[in-house]
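A quick write-up on the structure given underneath.
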Amino acid sequence: MANGKRNYFGPTLMILYAVSLTLILVAFVSGWVYYSAPLAERPHLEMHTMLKPGGLIGHGYGIVGSAMILLLFLYSLRKRQKFGIRWGKTSRWLSVHILFGIIGPLLVTLHTAFKFNGIVSIGYFSMLAVMFSGIFGRYIYIQIPRGSQGAEMELGDIQSAGETLELILKETYGLTDKALAMISSFSETGSAGKNTGVKAMFAIALNDIKRPFRFYNLKKQILSDTPDIPPKAIAEAMKLAQRKALLERRRAYLDTFVKLFHYWHVIHKPFAYIMVAVMIIHVFVAVLFGYRWIF
């Protein structure tokens, strides 16, 4: 909650994910008999007229999925403030961008009815490359410390934020030097200089896997140091401790991840351009040959 106003964006986004993925799963399961049938047998099935790529439902999957994919580019326009698009937080635009980047390709996959051939297959696999590289890019993106408006933080700001968190943990929640040392050790900042590039990615991923177990031990240490600490206070202290550990880790790996994010853009963008180019050609040819949906 900020300034007395409740934030509904996060819960709404989770609901959209849950509803969208559930509907797609239901559509996939209900059409499994058709999707799993050999291509030569599909025209003889009752579902064929509805689920084939040019069918009422199959065509609809393609139109909605393609629309979502085109809407992905609104995030780039917002980030660069093109065409007067300046409203809304960039971080929220990114969250919607990721939602469309996952749901759109899944709908397009249903549209293909799992039949891949010709030039369309180039666009389809480029789309998958965009989707999976986008997930990877999002993981890199969150490793770069950012302020409330989404802008990258300078090293001095990161240092100041870490010191503020440590002061709060020490003075407000009574964490001992031993507990604070444990938090710093969780960051594994000492190995940052040795791990670069892909090796850094593996080190960070492993650190993420180990974090819940380490913070369980930290909680035991805090309870041992201050047994009278209220449950609400320790829950708040644990959240701040995790923020501090992540901030220290991100500071240590900052240069590495800024470089990785740059290289990721170099790889991600060409696949996106190929995907859109093939999609436009596909739509043009479909319209040229008289394929229509409900309009």
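Values quoted throughout were computed directly from the atomic coordinates according to the rules given, and no laboratory measurement underlies them. Quick caveat, the model's predicted, so the values are computed rather than measured. FYI the Cβ positions are ideal-geometry reconstructions off the backbone, even for glycines, and counts take in every protein chain you see.
State which stretch of the chain is the longest one without any exposed GluC sites (Glu not before Pro), exposure meaning a DSSP loop state and at most 13 other Cβ atoms within 10 Å. Display every interim value, and only then the final one.
Working: sites that count: Glu41, Glu46, Glu154.
Within the chain, the longest run free of exposed GluC sites (Glu not before Pro) spans 155-295.
Nothing charged except the Cβ atoms of Lys and Arg (+1) and of Asp and Glu (-1): what's the magnitude of the dipole of the chain about its Cα centre? Round to the nearest 20 debye. Don't skip to the end; give the middle numbers.
Details: 33 positive and 16 negative charges, 78 e Å.
Once rounded to the nearest 20, the dipole reads 380 debye.
In whole Å, what three semi-axes, largest first, describe the equivalent ellipsoid of segment 196-291 built from its Cα gyration tensor (square root of 5 times each eigenvalue)?
Values: eigenvalues 459, 75, 21 Å².
For segment 196-291, the semi-axes come out at 48, 19, 10 Å.
Going toward the positive end of the dipole of the chain, with +1 on Lys and Arg Cβ and -1 on Asp and Glu Cβ, which of Ile102, Gln143, Leu218 do you reach last?
Most positive-ward Cα: Ile102.
Can you give me the angle between helix 177-186 and the longest principal axis of the chain, using Cα atoms only, in degrees from 0 to 90, rounded to the nearest 10?
So the inclination is approximately 30 degrees.
Which value, in debye to the nearest 20, gives the size of the charge dipole of segment 155-252 about its Cα centre, when Lys and Arg are +1 and Asp and Glu are -1 at the Cβ?
Details: 16 positive and 11 negative charges, 94 e Å.
Result for segment 155-252 is approximately 460 debye, rounded to the nearest 20.
Take every Cα-Cα distance within segment 1-77, group them into 5 Å bins from 0 onward, and report for each bin the whole-number percent of pairs it holds.
3, 12, 14, 18, 15, 11, 9, 6, 4, 3, 2, 1, 0
Would you kindly compute the Cα radius of gyration of segment 35-82 and its largest Cα-Cα separation (Dmax), both in Å?
16.8, 52
For every other residue with a beta carbon closer than 14 angstrom to the beta carbon of Ala40, add +1 if it is Lys or Arg and -1 if Asp or Glu, then tell me the sum. Present the calculation step by step, with values, prior to reporting the outcome.
Details: positive: Arg42, Lys52, Lys115; negative: Glu41.
Summing Lys and Arg as +1 and Asp and Glu as -1 gives +2.
Where the convex hull is taken over the Cα atoms of segment 155-252, what is its projected area averaged over directions, in nm²?
Values: hull surface 24.6 nm².
Average projection, Cα convex hull of segment 155-252: 6.1 nm².
Return a whole-number percent for the relative contact order of the chain, with Cα pairs under 8 Å and 6 or more residues apart as the contact set.
Values: 235 pairs, mean separation 64.8, N = 295.
Result for the chain is 22 percent.
Kindly provide the chymotrypsin sites (Phe, Trp or Tyr not before Pro) of segment 7-101 that DSSP labels as loop, not H, G, I, E or B, and whose Cβ sees at most 15 other Cβ atoms within 10 Å.
Values: sites: Tyr8, Phe9, Tyr17, Phe28, Trp32, Tyr34, Tyr35, Tyr61, Phe73, Tyr75, Phe83, Trp87, Trp93, Phe100; in loops: Tyr8, Trp87.
The qualifying sites are Tyr8, Trp87.
Mind pulling the angle between the C-alpha long axis of helix 9-30 and the longest principal axis of the chain? Nearest 10 degrees, somewhere in 0 to 90.
For helix 9-30, the angle is close to 40 degrees.
Relative contact order for segment 155-252: what percent, with Cα pairs under 8 Å and sequence separation of 6 or more?
On the way: 59 pairs, mean separation 50.7, N = 98.
Across segment 155-252, relative contact order equals 52 percent.
How big is the Rg/Rh ratio for segment 33-128, C-alpha atoms only, Rh by Kirkwood, two decimals?
Numbers: Rg = 16.7 Å, Rh = 14.9 Å.
Answer for segment 33-128: 1.12.
Would you mind pulling out the separation of the Cα centroids of segment 1-62 and segment 268-293, in Å?
Result: 21 Å between the Cα centres.
Give a quick list of trypsin sites (Lys or Arg not before Pro) in segment 241-295 that DSSP marks as loop, anything other than H, G, I, E or B, with at most 11 other Cβ atoms within 10 Å. Before the final figure, lay out each step's value.
Details: sites: Arg243, Lys244, Arg249, Arg250, Arg251, Lys259, Arg292; in loops: Arg292.
Sites meeting the loop and neighbour criteria: Arg292.
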